[in-house]
Protein chains: 2
Amino acid sequence: MAVALLSIGTELTRGEIINTNEAWLAAELTAAGFTVSESSTVDDDVDRIVAAVRQLASAHRLVIATGGLGPTTDDLTAKAAARAMGTDLVRDESTLLAIRRRVESRGKTMNAGHEKQAEVPAGSEILPNSSGSAPGFGIHLGESTVFFLPGVPREMKSMFAEQVLPRVRPAAPNNTFQVRLRTYGLPESTLGELLKGVEEAHPGITLGYRVHYPEVDLKVHARAATQSMAHDLALKATADVRERLGTAVYGEGGDAFPEMVGRSVRARGWRLAVSESCTGGLISHLLTSYPASDYLVGAAVTYANSAKTRLLGVAEDTLRGHGAVSAEVAAEMAQGVRRLCEVDVAISVTGIAGPTGGTATKPVGLCYWAVSHPGGLVVRDRVFSGDREEVQLGAAYAVLDLLRRIAGNLPER
Amino acid sequence: MAVALLSIGTELTRGEIINTNEAWLAAELTAAGFTVSESSTVDDDVDRIVAAVRQLASAHRLVIATGGLGPTTDDLTAKAAARAMGTDLVRDESTLLAIRRRVESRGKTMNAGHEKQAEVPAGSEILPNSSGSAPGFGIHLGESTVFFLPGVPREMKSMFAEQVLPRVRPAAPNNTFQVRLRTYGLPESTLGELLKGVEEAHPGITLGYRVHYPEVDLKVHARAATQSMAHDLALKATADVRERLGTAVYGEGGDAFPEMVGRSVRARGWRLAVSESCTGGLISHLLTSYPASDYLVGAAVTYANSAKTRLLGVAEDTLRGHGAVSAEVAAEMAQGVRRLCEVDVAISVTGIAGPTGGTATKPVGLCYWAVSHPGGLVVRDRVFSGDREEVQLGAAYAVLDLLRRIAGNLPER
C-alpha cells in the first residue's frame, strides 16, 4: 500500500531544522512492508496544511502527518485538520487530565499552552502521548486515514510505535526484502565498478548507494512474488556482493562502525586506550556513543603540546625535532597512553584539522595515526580533504579501521 | 517568489538517509529572500521524477532538484530531466574532459560510471562541479527554471553557491527580516509563556520555535513594506524578547553553544581542562568541533575507575565510599584534571548514561558535574531523561552552561 508523509512546520520550509522525522517514518514504514511514494513539507499556514492534507489523502489510503501540535501560537495543525474534516476543535477532558497530571508531577502549573494541547478535531480518534503532553489523533477523509503526530522526535516515535503501527500493520503488503551492507574505505564509484553486473546476474535485485561520509551504505533490495522468495533472492545477491567487496564491508543493517570496531577489540579480550590531538575527543565520543563500551579504559585528549608531554610522556625532543604533527609523535602518543592506562592496545591521532594551521610541508588535512598493540606498532598517514569536520571524521575512521583490522586479523590497508 | 524543492532518491523515500540537503537549501533560499512554499521527495523512478518535475515546474517559477546524478545504475535524474523536456541525453565533451582530469589527478583511471556523469539533457545549461565529478544543469520548462544539482551535500552546496545563487538572486523579493535567537535551559512551553503578547505588541512579527535537544531556537520573523522596515521591526521585537528571556539566550544566528562557551573562557584569558566519564569524550568533541579552541589544553576521558585514579588522582577511598557516580568524585575529577594540566579552570562529569547500569538510588540518567575555577568549586546534579544520547548531551550541556555562567559572571542556575 502506497503511503504519503506530510511534515508541517515553517522551521522546515525555512530550513531551520533538518527533517529527521521523515527519514525515520519512511524507514519504519518501509520495514513494515509499505512503500512511501511521496513526502511533502508545508509551513505553519492553515490553508496550506488543509490543502496538503486533502491532496495527499485523495491519492493515498494512508497519510502520516507530523508537527504543529505543540503549545505555542505557531502550532496550527489541529485547527487545520478540523477544517479539512469540516468540523471544529473540541477540548478532550481525559487528555486535559493527562496533561494536568504530567505537568503537576513535574512541580509546574498548567498554562494556556498546555490547555491548547488538549484541543482536537471533533470526531477524531485520540492517540495518547506516552512521552509528552500533546496527543496525536487520527481522522478519516474519504477513503483515506490520516494520522497526526507531534513533531518532537521522541514523542513522534513512541506514538507511531505504540498507536499507529498496530493499527496499520495488517494493511501492509509483503513481497520485498532488503539487506543493507555498511562499507568503509572505498569510494562510491569504485563500489559501482566492483558491483557491475550484480543486478543483471540476480533479476529482481536493485542496488542502492548512500554516501554518508566517510561511509557508503549499500542496499541490496529484492522484489519477488512472495516475501520468502524476495528474502532468498536478497541473501543470494548479498553473498555475491560481499564476495566482491571483501573487508570493505564492516557490517549489516543497524551495525554502526564504532560499535563494530569495539566488538573486534572486545572479541580479542583487549582493553583499549585512546590518545587524540586534532580529533579532539571525537574518537572517544564515537566509541562511547554505544553501550557496552567498557573495553575502553580511558582517553587522553592532548590538544596542547604541554598536555602531550605531561599526560602521555611524549618527549620534548620529539616535539621539537619532528613537530607535533609527525609519525614520531603519533607513535609516542599511542605508546604513552598504552603505558599510562596499562592496556593491551592503544591508538593515537595527531594532525591539522584546519581551517588554519597548515604549512607548505604540512598542509591542512595532514594526519598521522598509530596503533600500538601486543604484536607491535603501526603508523599511517594521509592528507584528508574537506572541512574541519571531514578531516576529523576521516582521521577518526582511519585509525579505528586500522584497529579493526589488527584486532580482527584482517589485511591492513 | 515562491520556490519549490525536489529531492530525488530511493534512499530518501525508504528513510535510509536524512534529507539534510532540503534544510540547507531552504535556509539559503530563505536567507536570499525567497519563500520556499513546497518541498517534495520522490524515489529513483524515471516516471515519478518526470511527473514531479513537471508538476512542481507548473506551479513554481523556480525549482531546485537534488540527487540522482551519480555514477551508479540507480542515478536516473539526467534521463528523467531529458524526458521532461522531450529531449535526449547527450555527452558533453568539456565535462568529460573535466572529469577525466579530476580522475587522473587522483591516480585513478576512467570507468563507465565516470563517463555516465558527462551525459546531460540536450539543450540544458551545464553547471560545472568544483568539488566533485557530476555536473549539474539547468533546464526551462514552460515559465519555470529547474536546476538539477548533485545529492552529495558538499558538491550540492558549492554548486548552489557558485552557479545557482548568482543566477537567481536578482529575482528574490526582499521585505522580510529574521533574527534567530539561540537558547538553552528553558523548555519550549516556558519560552511560550514568557513570550506571550510579543506578537501582538509588534504587528508584523511572527515567533517560531525549534527544539533540537537540548537547545530551543527562537526565530523572530518580521514582514513589513520594505526590508529596511522589516529589519527595524525585527530588531525592536528581538530586544523585547531578549529582555524577557535573559541569560537563557546564549547567542544569535549561526552561534553555536560550545563555541560561545569557549568564547567566554577565552575572554577571561583562562585555559581549560576537561574530565569526562559518562559523556565519553563528547564535551571535548563539542568544544573542538570549532576552530580557535586552543584555550582547551587537554581532556581526560576516564571511563574506567582505574583511569580516574591513575590519570586524575581520584582517591580510591572516595570511589569506594561514594561510588564513581557521586558529587565527591565529580569534584575530585575536576580538581585532578585542573592540577594535571596546570590550568585555570576545569570541568568534570560523571554519571550513568544508560541504557543499563542504574540502581534504585542511582537511576540511569543521574549525572554529577563540577567546575573548579579560581573562585572555588561548584558541583551540581540532575537526573536526565531520555536515551543514552540524550543523557550524554544533557549532561555535556549542563556543565558547559555552568562554565559559561561562571566565566561570564552570569547568575548560576
Check your understanding: Mind checking the dipole of the range A:369-413: about its Cα centre, +1 per Lys or Arg Cβ, -1 per Asp or Glu Cβ, Debye to the nearest 20?
Key -> 180 debye
Check your understanding: What residues qualify as long-range amide H neighbours of A:Gly136, i.e. H under 5 Å apart, gap of 5 or more or another chain, H built at 1.01 Å from N?
Key -> A:Leu127, A:Asn129
Point to revise | Projected label distance in nm at B:His231 and B:Lys108, using a 7 Å step from Cα toward the beta-carbon | key: 4.5 nm
Study note, to complete from the structure: To the nearest 10 degrees, the tilt of helix B:46-59 (Cα long axis) against the first principal axis of the alpha carbons of chain B is 90 degrees
Exercise for review: Let me know the whole percent of all Cα-Cα pairs from the range B:176-252 that are separated by more than 18 Å.
Suggested key: 33 percent
Exercise for review: Would you mind listing the distances between the B:Leu410 label point and the same position in each other copy? Use 7 Å along Cα-to-C-beta, nm, one decimal, shortest first.
Suggested key: 4.4
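Kirkwood hydrodynamic radius, chain B, all distinct C-alpha pairs: what's the number in Å?
On the way: mean 1/r = 0.0405 Å⁻¹.
In chain B this quantity evaluates to 24.7 Å.
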Exercise for review: For chain A, give the share of DSSP beta bridges that are antiparallel, in percent and rounded to the nearest 5; count only bridges with both residues there.
Suggested key: 60 percent
Exercise for review: Just rank B:Ser94, B:Ser7, fewest to most, by other beta-carbon atoms within 10 angstrom.
Suggested key: B:Ser94, B:Ser7
Check your understanding: Using a label point 7 angstrom from Cα along Cα-to-C-beta, what distances in nm, from shortest up, separate B:Ala161 from the other copies?
Key -> 3.9
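Mean residue ellipticity at 222 nm from the helices of the protein assembly as shown, using -39,500 (n - 2.57) per DSSP H segment of n ≥ 4 over the full residue count, to the nearest 500 deg cm²/dmol? Don't skip to the end; give the middle numbers.
Working: 34 runs with 332 residues, N = 826.
Calculated mean residue ellipticity at 222 nm is -11500 deg cm²/dmol.
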**Study point:** Cα centroid of the range B:204-256 to Cα centroid of the range B:293-340, whole Å
**Key:** 40 Å
Point to revise | Proportion of all alpha-carbon pairs of the protein assembly as shown beyond 51 Å (%) | key: 16 percent
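Using DSSP, restrict attention to beta bridges with both residues in the range B:2-171 and report what percent are antiparallel, rounded to the nearest 5.
Details: 11 of 28 bridges.
Around 40 percent antiparallel, to the nearest 5.
Above 16 Å lies some portion of the pair distances; for the range A:253-369, what is it as a whole percent of all C-alpha pairs? Mind showing how you got there, number by number?
Working: 4034 of 6786 pairs.
Value for the range A:253-369: 59 percent of Cα pairs lie more than 16 Å apart.
Order of A:Ser284, B:Ser105, A:Ser372 from fewest to most other C-beta atoms within 10 Å? Could you put the intermediate results ahead of the total?
Values: A:Ser284 33, B:Ser105 8, A:Ser372 27.
Going from sparsest to densest Cβ surroundings: B:Ser105, A:Ser372, A:Ser284.
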Check your understanding: So what are the ³J(HN,Hα) numbers for the range A:184-198, from phi and the Karplus equation (6.51, -1.76, 1.60; θ = phi - 60°), rounded to whole Hz, Gly and Pro as x?
Key -> 9, x, 10, x, 4, 5, 5, 4, x, 4, 5, 9, 4, x, 5
Review point. Peptide B:152-164: average number of partner chain Cβ atoms within 10 Å per residue?
Key: 1
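In a shell of Cβ-Cβ distance under 14 Å around B:Arg380, excluding B:Arg380 itself, what net charge do Lys and Arg (+1) and Asp and Glu (-1) give?
0
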Point to revise | Using a 7 Å Cα-to-Cβ projection, A:Ser58 label spacings across copies, nm, ascending | key: 1.2
Practice item. Starting from the range A:64-104, pick out the trypsin sites (Lys or Arg not before Pro) whose DSSP state is loop and whose Cβ has at most 10 other Cβ atoms within 10 Å. Key: none
Point to revise | Cβ-Cβ FRET estimate between A:Met1 and A:Arg413, R0 fixed at 51 Å, reported to 0.05 | key: 0.70
Review point. Considering only DSSP beta bridges with both partners in the protein assembly as shown, what is the antiparallel share in %, to the nearest 5?
Key: 65 percent
Exercise for review: Please provide three numbers in whole Å: the alpha-carbon extents of the range B:2-171 along the principal axes, with the largest listed first.
Suggested key: 44, 33, 31
**Study point:** Positive-end residue of B:Pro214, B:Asn174, B:Gln55, charge dipole of the protein assembly as shown with Cβ unit charges
**Key:** B:Pro214
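Each value in this text was obtained by applying a stated rule to the coordinates, not by laboratory testing. What you see is a predicted model; the values in this text were computed from it and never measured. Please note: Cβ atoms are built from the backbone with ideal geometry, for glycine as well, and neighbour counts cover all protein chains shown.
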